[in-house]
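Down below is the structure, laid out as structure tokens.
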Amino acid sequence: MTARIIDGKALASSIKQALATKIENLRAKGERLPCLAMTLVGDDPASHIYVAGKEKACAAIGMLSKGVVLPADISQAALLEHVARLNDDPEVDGILVQLPLPRHINRWEVIKAIAPEKDVDGLTPHNQGLLAWGKPGLYSCTPLGIMELIRSTGVTIEGALAAVLGRSVLVGAPTANLLGNAGATVASLHSKSRNVPAITRQADILVVATGCYNLVQQDWVKPGAVVIDVGIHRIGKAVRGDVNFETVSEVAGHITPVPGGVGPMTIAMLLHNCVLSYEARRGDA
Ligand code: GUN
């Protein structure tokens, strides 16, 4: 079998197009436009690239964005004051504090200071609680993108066995919740799990978000499975994932490429969350 490639770039592009049309309609009516405020602390080069990509994506659909770079040695109190100002700013619909934060900052304290109705990353305990309850809320962008990629294959999620490799608050844990809410039977696997390949080999849907380059090999995958690779690793000039694409694509039914799979969807769902937050704050939702 040769897997069908799930084209995340094309799917993200159609989502962004629909959002751009919505924003164009607001502009034509002279309405205030949605605005995303991004905060970057310090000089982590990868974070600078990610935030620049998000700013470009906002501009491409006509959405406003405000990027602020704060010094690496900022105190936690000053960062919390900055977040409080964004919470109170009526022109700001979405707040994103780029992770990781410097070591002296407690990320839990910073994330839980974000107003839940502006938490477009879906990281606050309030929104993660709504997700755990299966109630509408702002859910994390990469997990939302993963669900759209899986749905785009036409494979039935309800009743499927889904294995999620990795249990981070940003990706693994909320993805397991979303899959469970959609009716899948979910195995949440992590670095302490035993017999991982024996479990993943049974999974109809396999989501891999471990941060380990080339971890998942052909014999970890059930023939015909949907395989979603969240990993991003720079290997020389190439960008690769957590999954051995060449061998796994010989057995999987559907597979995301790296790059061009999950990455573009994360940004599309961030923009989607921002528009959701804008509509909810205006009372249109
Ligand atoms: N760092 C890497 N990915 C993300 C993300 O989705 N949101 C935030 N806030 N930080 C990140």
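Report the residue count in the range 46-69 for those that are away from the ligand (no atom under 14 Å from the Cβ), crowded, with 16+ Cβ neighbours inside 10 Å, without any contact (Cβ under 8 Å) to a residue 60 or more places away in the chain and of a type in the set (A, V, I, L, M, F, W, C).
So the answer is 1.
Each row is one residue, and each column tells you yes or no for (1) among the basic types (K, R); (2) surrounded by fewer than 18 Cβ atoms within 10 Å (Cβ to Cβ); (3) touching a strand residue (DSSP E or B) at 6+ places or on another chain (Cβ under 8 Å).
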| position | (1), (2), (3) |
| --- | --- |
| T124 | no, no, no |
| G134 | no, yes, no |
| P143 | no, no, no |
| N195 | no, yes, no |
| V207 | no, no, yes |
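For the range 83-110, enumerate the residues that are surrounded by 20 or more Cβ atoms within 10 Å (Cβ to Cβ) and either within 24 Å of P34 (Cβ to Cβ) or of a type in the set (F, W, Y) (or both).
Of everything in the range 83-110, those that are surrounded by 20 or more Cβ atoms within 10 Å (Cβ to Cβ) and either within 24 Å of P34 (Cβ to Cβ) or of a type in the set (F, W, Y) (or both) turn out to be V83, L86, V92, D93, G94, I95, L96, V97, Q98, V110.
Need pairs with beta-carbon distance below 9 Å; first residue within 19 Å of E279 (Cβ to Cβ) and within the range 119-138, second modelled with pLDDT under 95 and part of a loop (DSSP other than H, G, I, E, B); sequence gap 6+ or separate chains.
P136/A285
Condition check ((1) under 27 Å from Y50 (Cβ atoms); (2) outside any helix (DSSP H, G or I)) across all residues:
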residue: L138; (1), (2): yes, yes
residue: V169; (1), (2): yes, yes
residue: A173; (1), (2): yes, no
residue: I199; (1), (2): no, no
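For the structure I just gave you, tell me whether G122 is under 17 Å from the mean Cα position of the chain (by Cα), more than 13 Å from the ligand (Cβ to nearest atom), part of a loop (DSSP other than H, G, I, E, B) and at pLDDT 95 or above.
no
For the range 1-25, what are the residues that are among the aliphatic types (A, V, I, L, M) and buried (at least 17 other Cβ atoms within 10 Å of the Cβ)?
Within the range 1-25, A3, I6, L11, A12, I15, L19, I23 meet the criteria.
The values are calculated or read from the model by the stated rules, or taken from the named source; none is laboratory data. Please read these numbers as outputs of a predicted model, since none were measured by experiment. In this analysis, Cβ positions are derived from the backbone assuming ideal geometry, glycine residues included, and neighbour counts consider all displayed protein chains.
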